[in-house]
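Down below is the structure, laid out as structure tokens.
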């Protein structure tokens, strides 16, 4: 943690601002890419074009199991919440 604080100070980034920077899908850490089961599934949907024109604005690594993602027998429902709006996607299988 100390190294993180020192590095952010070197870069002129306040620590509280660092916490608001969304994790980017293309970031690779010393132990590989960061992912959860939800991020893995959503990355496949993103690559397949399920999110359409908003695909480039979605960082799947920001999702955790606490986000509202549900899959019924025929429909995938994803609710993405932004600071000023929510997007609900329904994808029929």
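Put simply, of 88, 65, 69 the only residue that is in a strand (DSSP E or B), in contact with a helix residue (DSSP H, G or I) (Cβ under 7 Å, 6 or more places away or on another chain) and at pLDDT below 85 is 69. Mind listing whichever residues of region 42-61 are part of a helix (DSSP H, G or I) and without any contact (Cβ under 8 Å) to a residue 12 or more places away in the chain? 44, 47, 52, 53, 55, 56, 57 - these are the residues of region 42-61 that are part of a helix (DSSP H, G or I) and without any contact (Cβ under 8 Å) to a residue 12 or more places away in the chain. Of the residues examined, residue 32 is not one that is on the phi > 0 side of the Ramachandran plot and in contact with a helix residue (DSSP H, G or I) (Cβ under 7 Å, 6 or more places away or on another chain).
Applying the condition of being assigned to a loop (DSSP other than H, G, I, E, B) and surrounded by fewer than 10 Cβ atoms within 10 Å (Cβ to Cβ) to region 1-23 and asking which residue is nearest to the chain's Cα centre (by Cα) yields 22.
Return the residue satisfying two criteria in turn: it lies in region 26-39 and is over 10 Å from the mean Cα position of the chain (by Cα) and modelled with pLDDT of 75 or more, and of such residues it is surrounded by the fewest Cβ atoms within 10 Å (Cβ to Cβ). Result: 30.
The values are calculated or read from the model by the stated rules, or taken from the named source; none is laboratory data. Quick caveat: nothing in here was measured; it's all calculated off a predicted structure. A quick note on method: Cβ atoms are made from the backbone with ideal geometry, for glycine too, and the neighbour counts reach across all protein chains shown.
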